[in-house]
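Worksheet: the structure to be examined is printed underneath.
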Amino acid sequence: MTNTTAPGGKRHKAPTIFDVAERAGVSHQTVSRVINGDPTVRDQFREQVAAAVTELGYRPRAAARALAGGRSRALGIVSTGDALYGPSSTAIGFERAARTAGYHVLLSTLPEDPVPADLSGALASLLAQDVAAVVLVAADNRVLDALASLVVPVTVPVVVANAVQPDAVRTGAAPNVAAVAIDQASGAVLALDHLFARGHRRIVHLAGPSVSQEAEVRRATYERVMTDRGLEPVVLAGDWTPASGFRAAQSIDVHTVDAVFAGNDQMALGVLHAFAEEGLRVPDDIAVVGFDDIPEAAHFTPPLTTVRQDFMAMGERVLDSVRALVEGRSHDDRLLAPELVVRRSA
């Protein structure tokens with residue numbers, strides 16, 4: 001067992017995975033499988049291990065080190081396994097800022113369709129390497145649900161990037177949690193107000209996947225703004241990819257629609273492709289607005305009007321929040337402001 005200092009100055013031994021196994025009446029391999037979210041473990045054993053963890057106050061090795069007075073210069077980051085521009089750019093911005101500040105970053109990626117066991121395994125791997133904090137660059141409801149269902153508490157600070165609904169990341173499994181995000185509702189309003197100012201009223205929204213908090217806020221804001229203006233909201237389903245934008249655009253009738261507000265630039269690219277194949281002129285026949293301002297957006301045909309998100313600044317804000325939590329200070333929880341970039345597509 002690891003020696004730690006208790007209040008009053010006395011030394012005591014921190015519980016290990018073997019102590020948990022003995023208290024639960026199972027093997028240490030079973031404890032490890034429960035900690036890592038293995039779905040094949042019987043419910044009875046899972047409950048026994050969870051009870052033993054609570055009774056003994058078992059903590060991962062990283063937390064024990066912090067309690068002993070050390071401070072790691074390693075930070076963990078968990079990201080989804082896809083190559084979406086927003087999350088990957090946020091991760092890059094965070095890593096660069098962390099390196100400049102003297103930290104080194106350990107990366108763990110999740111599969112494209114994560115389950116609780118995937119997050120548990122990623123966190124266990126990072127905590128075993130003595131990280132001082134963990135960053136989740138995945139404001140995905142599946143990931144946040146997995147965070148809430150963890151058996152072993154995450155006793156280092158956790159910062160969730162792009163979590164636009166902060167209450168969703170409050171969980172007993174990770175009590176020291178902060179959310180950092182760009183104001184998605186404000187960005188959606190910028191896009192819609194621009195279209196309204198150009199005379200557009202029959203606006204369709206191409207939404208991202210429902211598991212994404214950002215997509216849900218953009219969709220809900222679109223529906224609210226349209227309804228408030230006495231206009232009918234029409235939502236088409238997408239999945240962030242150009243292919244989904246292409247398919248959705250093929251169902252749009254330009255006699256009843258005069259603008260498309262796409263949930264991201266990649267889907268807007270697919271929309272422009274479909275309209276070009278149909279011989280439609282953008283913006284003369286129909287306008288298109290995207291979201292993100294990826295580097296290629298200025299070179300679409302026509303160049304894309306979009307809502308810019310500063311993901312480098314986002315990564316820096318994430319690091320600021322990590323350092324604040326590690327040092328016991330309050331963090332800046334204000335939403336970052338997006339910016340409308342006007343080009344020829346609208």
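Restricting to DSSP loop positions (anything but H, G, I, E, B) with no more than 15 other Cβ atoms inside 10 Å of their own Cβ, which trypsin sites (Lys or Arg not before Pro) remain in the stretch 225-317?
Qualifying residues, ordered by number: Arg229, Arg281.
Length gain on complete extension for the stretch Thr256 to Leu106, per 0.36 nm per residue less the alpha carbon to alpha carbon distance?
Details: separation 150, 0.36 × 150 = 54.00 nm, distance 5.06 nm.
Length gained between Thr256 and Leu106: 48.9 nm.
At a Förster distance of 25 Å, what's the computed FRET efficiency of Ala276 paired with Ser210, Cβ-Cβ distance as r, to 0.05?
Values: r = 29 Å, r/R0 = 1.15.
After rounding to 0.05, the efficiency reads 0.30.
Per residue, how much accessible surface does the stretch 203-346 expose to a 1.4 Å probe? Answer in Å², no decimals.
44 Å²
Please calculate the 1.4 Å probe accessible area of Ile252, with all protein chains present, and give it to the nearest 10 Å².
The accessible area comes out at roughly 20 Å².
Rounded to the nearest Å, what's the spacing between the alpha carbon centres of the stretch 177-231 and the stretch 249-292? Just the number, please.
16 Å
Probe 1.4 Å, all protein chains in place: accessible area of Leu107 in Å², nearest 10?
120 Å²
Accessible area per residue, 1.4 Å probe, Å², for the stretch 81-121: what's the number?
51 Å²
Pick out, in residue order, every one of the GluC sites (Glu not before Pro) in the stretch 223-323 that is DSSP loop and has at most 13 other C-beta atoms within 10 Å; say none if there are none.
Sparse-neighbourhood loop GluC sites (Glu not before Pro): Glu278.
The values are calculated or read from the model by the stated rules, or taken from the named source; none is laboratory data. Here the structure is a predicted model, which is why all the values come from computation and not from measurement. All Cβ positions, glycine included, derive from the backbone under ideal geometry; neighbour counts span all protein chains shown. Please note that ligands, DNA and RNA were not included when accessible areas were found on the heavy atoms of the full protein model with its side chains. Shrake-Rupley method; radii C 1.70, N 1.55, O 1.52, S 1.80 Å.
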